[in-house]
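J.: What follows is a single structure, and I will ask about it in a moment.
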Amino acid sequence: MRDPRLPAAFLQPGTSSFSDFLADQAPDLLPGRRAVPQGHAGGQAGDLAPHGTTIVAATFGGGVVMAGDRRATMGNIIAQRDIEKVFPADEFSAVGIAGSAGIAVEMVRLFQTELEHYEKIEGTTLSMDGKANRLAALIRGNLGMAMQGLAVVPLFAGYDLASDSGRIFSYDVTGGRYEETAFHSVGSGSLFARGSLKKLYRADLDESGCVTAVVQALYDAADDDSATGGPDLTRRIFPVVQVITADGGRRLADADVAAVADQVIAGRMARPDGPVAPLVEGGQA
Amino acid sequence: MSMPFYVSPEQLMKDRADFARKGIGRGRSVVAVQHADGVLFATENPSQALHKVSEIYDRIAFAAVGRYNEFENLRIAGVRLADMRGYAYDRRDVTGRGLANAYAQTLGTIFSSGGEKPYEVELFVAEIGDTAADDQLYRLTYDGQVADEHGFAVMGGAADVVGGYLEERYTEGASLADAVRLAVAALGHTDADDRVIPATDLEVAVLDRTRSQPRKFTRLRAARLDELLGERGPAEHAPADAAGGPGADGSDGSDEPPIAPV
């Protein structure tokens, strides 16, 4: 900033949205506004930059759990082994990202700033639906890049203080916003993770049960999807797990996640396909 | 046809300064006190919605006296500046010094430009560091002057009386509870007597280094204040015709438009 004074636009009353303000004042800082050269991008742009893979989220009685594996891929290459793809969006919500990692991380930063900015200007936090809609608007702004292979598909979860429950929202590349019940998963391994959660998830799970269920689901995703990283025992790299309850969100300590992962792996040593679900409701396993 | 009168620049500036000072003097004081865990702000403000103390960024807070609409504008501009810088660079790159400088340049330009009326505001910008020695407290006046304050600072109406009280009793490295007690006692102090301000009429906020979250700003609500202040004797609301005037900042009930409904 060359002029040390506050620009006139800063002093004008108006929007409490940071991204709207940015669109007016510094549009080049918005992730979706950057021009990607036409032509040879197409499906290839996706192979030029790292991709985040599987994110799962599940609700329990007192809140919601979100977890993500640690792998980023670039075509057939593992770009990073310990990438973090689950971030706190604010005190009561978290966002997990699948898709082009670079753009996704930038979008998360913008989304975090957006929520904090609103809170500071208005003196109150956005409603859970308000937050979900703002994220939808940011994704919609990225549609141009998504068409060229640089798509971002986040999963958003949080604790709704108005309804006293954990809630999960999924998105598509056009900014479509869909509320999910109980559990959901996005990314390349999401089909396997969702199948796993279908059999493991129960509405009466408590926090630790819910954490175990999502770690199991990520294991199943890594088992069948080459782009999803499983627990890395030699390097002790385990999923990032974010738990959000009425007291706010917190990231589980690595040691706690490691303990759950070790338990899951111990079980898989006996039965590699994981826990067995009963064939009919109420039947014996 | 009216005759253009010659007014010397000295007189012009003096008139503008008197005008701004008069507006600022009508409001109640805001106190900033540095203590072991950070910086505390306190003021008597019965409104729960119209704040005089606010968060700007992770480690930066803002407090103001004077006209609400004017300092609210400056506050929003500060939040925008901080968020934009933090987004474009990094959260660590947003500094209190940078913000204080932007405010000073803005207030200075408005004060000395002939077209606009000067802002009737005074501001505190505080930033906490990793240790108490790194804490910074800036005080900005209506004409764009910046002062680096140490220990404590007071602005607004009755600033001399409240400042004098603090001067006698302030100690470095006090605990949060001691700092709150001192600040609140100072606000209730007048030359005539000492008043116990009800906790519900206080607006108190701190930049607290000990918070685990990156955002260190937190408001101390009435219940927490009562806990920190302990037993103080019977509380008394501000008299309606006190030196501070009936309204909050800048509204003295005469020819001024109403600003804060309190």
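J.: Over chain B, give the accessible area per residue in Å² for a 1.4 Å probe, as an integer.
T.: So chain B comes to 45 Å² accessible per residue, rounded to a whole number.
J.: If I model a spin label as a point 7 Å beyond the Cα along the Cα-Cβ vector, how far apart are those points for A:THR124 and B:TYR89 in nm?
T.: In this crude spin-label approximation the distance works out to 3.5 nm.
J.: Next question, about the same structure. Using per-residue counts of other Cβ atoms within 10 Å, averaged over each peptide, order B:83-96, B:199-212, B:226-239 from highest down.
T.: Listed from highest to lowest mean packing, they are B:199-212, B:83-96, B:226-239.
J.: Between B:SER2 and A:LEU191, with labels modelled 7 Å along Cα→Cβ, what's the label distance in nm to one decimal, could you check?
T.: Simple spin-label model gives 8.1 nm for this pair.
J.: To the nearest hundred square angstrom, how large is the accessible surface buried between A and B, total for both chains, probe 1.4 angstrom? Spell out each step's value before the answer.
T.: Numbers: alone 14230 and 13100 Å², together 24810 Å².
That pair of chains buries around 2500 Å² in total.
J.: With +1 on each Lys and Arg Cβ and -1 on each Asp and Glu Cβ, how big is the dipole of the stretch A:43-176 about its Cα centre, in debye rounded to the nearest 20? Can you show the working numbers first?
T.: Numbers: 10 positive and 15 negative charges, 73 e Å.
For this selection, approximately 340 debye.
J.: Are there trypsin sites (Lys or Arg not before Pro) in the stretch A:122-209 that DSSP marks as loop and that have at most 15 other Cβ atoms within 10 Å, and which are they? Don't skip to the answer; put the middle values down first.
T.: Values: sites: A:LYS131, A:ARG134, A:ARG140, A:ARG167, A:ARG177, A:ARG194, A:LYS198, A:LYS199, A:ARG202; in loops: A:ARG202.
Filter output for the stretch A:122-209: A:ARG202.
J.: What percent do you get for the relative contact order of chain B when only Cα pairs under 8 Å and 6+ apart count? Walk me through the numbers on the way to the answer.
T.: Details: 518 pairs, mean separation 72.5, N = 262.
With pairs under 8 Å counted, the relative contact order is 28 percent.
J.: Also: Modelling each spin label as a point 7 Å along the Cα-to-Cβ direction, I'd like the A:LEU279/A:GLN25 distance in nm, to one decimal.
T.: The modelled label-to-label distance comes out at 6.6 nm.
J.: Within the stretch B:190-218, which residues have the backbone N less than 12 Å from the label spot 7 Å out from B:GLU236 along Cα→beta-carbon, could you tell me?
T.: B:190-198
J.: Cα extents of the stretch A:48-270 along the three principal axes, largest first, in whole Å?
T.: Each principal axis gives a Cα extent; for the stretch A:48-270 these are 54, 42, 27 Å.
J.: With a/c under 1.5 counting as rounded, go ahead and sort the stretch A:71-115 into rounded, prolate or oblate using the C-alpha gyration tensor (a ≥ b ≥ c being the square roots of the eigenvalues; past the cut-off, prolate if a/b is larger than b/c, else oblate).
T.: Taking the square roots of the gyration eigenvalues as a ≥ b ≥ c, the stretch A:71-115 is prolate.
J.: Still on this model: Can you tell me the length gained on complete extension of the stretch A:ASP223 to A:ASP262, counting 0.36 nm per residue apart and subtracting the Cα distance?
T.: Values: separation 39, 0.36 × 39 = 14.04 nm, distance 1.58 nm.
Length gained between A:ASP223 and A:ASP262: 12.5 nm.
J.: Roughly speaking, to the nearest percent, how much of the stretch B:109-195's 1.4 Å accessible area is carbon and sulfur? Walk me through the intermediate numbers first.
T.: On the way: 1770 of 3880 Å².
Here it works out to 46 percent.
J.: So for the protein assembly as shown, taking the charge dipole from beta-carbon charges (+1 Lys/Arg, -1 Asp/Glu), which of B:TYR87, A:PRO31, B:THR106 sits furthest toward the positive end?
T.: Value: A:PRO31.
J.: Lysine pairs in chain B 8 or more apart or on different chains: how many have alpha carbons under 22 angstrom apart?
T.: The result is 6.
J.: To continue, here is another question. Provide the descending list of Cα extents for the stretch B:83-126 along its principal axes, expressed in whole angstroms.
T.: 38, 20, 12
J.: Before I look further, what does the stretch A:57-174 give for accessible area per residue, probe 1.4 Å, in whole square angstrom?
T.: Details: 3910 Å² over 118 residues.
Counting only protein heavy atoms, the per-residue value for the stretch A:57-174 is 33 Å².
J.: Also, I was wondering about something else. Divide by every residue of the protein assembly as shown the summed helix terms, -39500 (n - 2.57) for each DSSP H run of at least 4, and state the resulting mean residue ellipticity at 222 nm, rounded to the nearest 500 deg cm²/dmol.
T.: Result for the protein assembly as shown, helices only: -11000 deg cm²/dmol.
J.: Can you tell me the dipole magnitude for the stretch A:48-270 around its Cα centre, using point charges on the Cβ only (Lys, Arg +1; Asp, Glu -1), in Debye to the nearest 20?
T.: 540
J.: To continue, here is another question. As I understand it, the dipole of chain B uses +1 on the Cβ of Lys and Arg and -1 on the Cβ of Asp and Glu, about the Cα centre. Which of B:MET155, B:ASN45, B:THR210 lies farthest toward its positive end?
T.: The one lying farthest along the dipole's positive direction is B:THR210.
J.: Quick one: compute a quarter of the convex hull surface over the Cα atoms of the protein assembly as shown and quote it in nm².
T.: Details: hull surface 132.2 nm².
Value for the protein assembly as shown: 33.1 nm².
The values are calculated or read from the model by the stated rules, or taken from the named source; none is laboratory data. On a predicted model such as this, the values are computed, not experimentally measured, just so you know. Please note: Cβ atoms are built from the backbone with ideal geometry, for glycine as well, and neighbour counts cover all protein chains shown. These area figures cover heavy atoms from the full protein model, side chains too; ligands, DNA and RNA do not enter into them. Shrake-Rupley method; radii C 1.70, N 1.55, O 1.52, S 1.80 Å.
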